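The values are calculated or read from the model by the stated rules, or taken from the named source; none is laboratory data. Here the structure is a predicted model, which is why all the values come from computation and not from measurement. Neighbour counts run over all protein chains shown; Cβ positions are idealised from the backbone, glycine included.
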Amino acid sequence: MTSGAVEAGSPLVIVLVAPLLGALGFLVLWYESPHHERWRGWARAVVARLTGTADLAWLDLRPVVGTAVGAMVVSAVFYGVVGGYACSPAGPSDLITLLTAGRAFLDRGDPFSIAACGTTDNPVPAGMASVLIDALGSLGGAPGEIVVWEAVALGTLPLLWHLGGKDRLSISLFVLVSPLFLPVVVTLDGASLSLVPLGVLLTVYVAHRRGWIRGAALGGLLATGRFPALFPTVGATGRADRRGWVAGLTAIGAFAAVTLATVAVYGREFTGPVFFLQFQRVTALNYWGVLEAKGWLEPSNLVTSVQAVLTIALIAVCWRWARTEIGAASVILTGTVLLAQFLSFNELVFLLPIALVGVRARWWLWSVGVVGWVTSAFSLLTGTAYQDAFYVLCFVLTGLLAGLMVELLRSELGSRPAAAQGGSLGLAPARSRSNAAERAEPSAGPTTLE
């Protein structure tokens with residue numbers, strides 16, 4: 001999307017979108033709290049008056065997905081009308097970048113460095129899984145590119161539904177109205193980044209239906225699209241009974257095989273944009289960028305090394321001691337967002353799987369979403385007062401992410417049982433799961449909010 005269109009919409013975002021979505025998310029969380037029975041009774045009375053029945057059984061996955069599809073279609077039309085998909089003085093839009101990369105791959109060219117909109121050598125920081133999706137979408141032109149990537153983002157909703165157990169409806173509704181979902185994925189940048197949470201959720205889903213080896217292999221392959229997705233995938237394999245190390249090596253092996261094959265074909269044209277340039281990237285759209293903009297932190301090999309060591313340590317701790325696979329992945333996803341200085345606000349979409357952990361984690365996720373979206377809007381406004389507010393909000397967002405991390409560590413590594421946290425997945429926490437249990441479908445449970 002062009003910066004002009006974004007800036008024009010920023011006041012509207014601050015005034016309408018964030019409060020509206022924040023209020024809807026708050027109502028969903030308030031409704032599912034066990035301490036608010038009177039509120040649930042009032043809500044059911046309102047539903048009965050509007051629909052003729054207080055039974056919410058009709059509210060299943062179909063209206064949830066339908067609402068998301070409607071929002072995506074309206075947004076695509078809006079972006080097309082305001083020129084969000086066209087070239088800009090800064091270079092190609094996200095649509096043109098993805099479309100050009102896909103066509104370059106099909107034409108046996110270089111999909112990792114493209115020429116478009118009068119510019120050359122535009123890096124495409126996405127790996128082979130993303131490029132293959134780009135290529136598939138490019139067969140349908142610009143509309144095809146939009147459809148395939150919005151389908152990737154949309155795929156997170158059915159997976160959350162099937163993994164959500166008895167809380168599947170409240171989880172799906174919470175994510176639907178979260179500022180971390182629709183406001184992010186209706187842009188192609190956000191939709192392409194949703195490959196990370198989709199990969200994590202799909203890994204767990206396949207692992208519990210077809211076994212951890214297949215799930216880990218699929219997770220490793222999808223992680224080639226955005227390499228940070230490999231971290232939570234490997235961390236989650238620690239729950240794979242006595243074969244956790246095999247599943248972990250499978251994920252790493254699948255990722256390494258595709259990556260090495262891509263390096264063999266494209267060489268530095270691939271490793272530069274996808275890996276090395278990411279560590280040198282400085283963005284003002286996260287708290288690392290604030291530290292760097294103020295001169296409080298300089299990007300260096302030391303900073304990158306500290307990031308790598310802490311990330312590896314986090315993966316090892318979660319692989320060994322986390323109680324659930326979703327919990328392990330959630331801790332690592334939160335750590336990735338906190339540790340990676342090249343991430344911007346759209347990467348907060350990585351956190352969507354955390355909705356499965358429990359009610360307390362969803363409250364933290366709600367806070368991160370609301371503050372993150374407002375902070376993102378303030379970053380596009382000019383003026384000293386706006387920028388000062390932006391800096392303050394960045395540190396508030398960092399504090400909320402740190403609080404979310406503490407909550408996840410407490411629930412996954414604490415002494416009390418994971419079930420006490422109100423987790424939605426309903427999965428056995430440990431390595432004692434039998435092979436049959438691994439292949440069992442997660443508990444369906446009731447499909448209402450009651």
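Worth a mention:
- Top-ranked residue of region 84-94 - restricted to ones that are in contact (Cβ under 8 Å) with a residue 40 or more places away in the chain, out of contact with any Gly (no Cβ under 8 Å at 6 or more places or on another chain) and not acidic (D, E), ranked as farthest from S130 (Cα to Cα): A90
- Boolean, F279 is closer than 30 Å to G215 by Cβ and at pLDDT below 90: yes
- Among the residues of region 300-319, those identified as of a type outside the set (V, I, T), within 27 Å of G164 (Cα to Cα) and touching a helix residue (DSSP H, G or I) at 6+ places or on another chain (Cβ under 6 Å) are L314, C318, W319.
- Once region 89-117 is narrowed to residues that are among the hydroxyl-bearing types (S, T, Y) and outside any helix (DSSP H, G or I), the residue that is farthest from the chain's Cα centre (by Cα) is S113.
Per-residue answers, yes or no, for (1) modelled with pLDDT of 95 or more; (2) of a type outside the set (A, V, I, L, M); (3) closer than 27 Å to D167 by Cα; (4) surrounded by fewer than 21 Cβ atoms within 10 Å (Cβ to Cβ):
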| residue | (1), (2), (3), (4) |
| --- | --- |
| A322 | no, no, yes, no |
| G327 | no, yes, yes, no |
| L343 | no, no, no, no |
| E347 | no, yes, yes, no |
| L356 | yes, no, yes, no |
| A385 | no, no, no, yes |
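- Checked against the criterion of being over 22 Å from V77 (Cα atoms) and crowded, with 19+ Cβ neighbours inside 10 Å, the candidates G109, G118, G127, G137 yield just one match: G127.
- Spans of helices (runs of 4 or more DSSP H) in region 118-188 with at least 1 residues at pLDDT 95 or above and within 18 Å of V359 (Cα to Cα): 156-163, 168-176
- Under the condition of being part of a helix (DSSP H, G or I) and in contact (Cβ under 8 Å) with a residue 60 or more places away in the chain, the residues counted in region 301-329 number 13.
- Within region 387-427, the set of residues being surrounded by 18 or more Cβ atoms within 10 Å (Cβ to Cβ), aliphatic (A, V, I, L, M) and at pLDDT below 85 comprises A418, L425, L427.
- Exactly one residue among A86, A43, A68 is surrounded by 14 or more Cβ atoms within 10 Å (Cβ to Cβ), in a helix (DSSP H, G or I) and at pLDDT 75 or above, and that residue is A68.
- Residue match in region 218-225 (condition: modelled with pLDDT of 95 or more, of a type outside the set (G, A, S), surrounded by 21 or more Cβ atoms within 10 Å (Cβ to Cβ) and within 14 Å of the chain's Cα centre (by Cα)): yes
- Test set (1) under 22 Å from the mean Cα position of the chain (by Cα); (2) over 16 Å from T262 (Cβ atoms) - G141 fails condition number: (1)
- Those residues of region 189-234 which are assigned to a helix (DSSP H, G or I) and of a type in the set (V, I, T), in sequence order: V196, V200, T203, V204, V206, I213, T233, V234
- Matching option when the condition is surrounded by fewer than 17 Cβ atoms within 10 Å (Cβ to Cβ), under 23 Å from the mean Cα position of the chain (by Cα) and of a type in the set (G, A, S), among A236, A256: A256
- Residues that are farther than 18 Å from A207 by Cβ and either among the charged types (D, E, K, R) or over 14 Å from the mean Cα position of the chain (by Cα) (or both) within region 321-337 comprise just one, W321.
- Residues of region 143-156 that are of a type in the set (A, V, I, L, M, F, W, C) and either surrounded by 21 or more Cβ atoms within 10 Å (Cβ to Cβ) or free of Cβ contacts under 8 Å to residues at least 60 places away in the same chain (or both): I146, V147, V148, W149, A151, V152, A153.
Each row is one residue, and each column tells you yes or no for (1) β-branched (V, I, T); (2) free of Cβ contacts under 8 Å to residues at least 24 places away in the same chain; (3) closer than 21 Å to E347 by Cα.
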| site | (1), (2), (3) |
| --- | --- |
| K166 | no, no, no |
| S170 | no, no, no |
| L173 | no, no, yes |
| F181 | no, no, yes |
| V184 | yes, no, yes |
| L188 | no, no, yes |
| Y205 | no, no, no |
| R214 | no, yes, no |
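- Looking only at region 347-365, and only at residues there that are of a type in the set (V, I, T) and farther than 20 Å from V186 by Cα, the one that is nearest to the chain's Cα centre (by Cα): I354
- Every pair of residues 6+ apart whose Cβ atoms lie under 7 Å, when the first sits in region 249-261 and is without any contact (Cβ under 8 Å) to a residue 60 or more places away in the chain while the second is among the polar types (S, T, N, Q) and surrounded by 14 or more Cβ atoms within 10 Å (Cβ to Cβ): A251/T233; A251/T237; F255/T224
- Only residues that are over 17 Å from A355 (Cβ atoms), touching a helix residue (DSSP H, G or I) at 6+ places or on another chain (Cβ under 7 Å) and of a type in the set (S, T, N, Q) were counted across region 365-412, and they come to 4.
- Listed conditions (1) buried (at least 20 other Cβ atoms within 10 Å of the Cβ); (2) part of a helix (DSSP H, G or I) are all met by V246, apart from (1).
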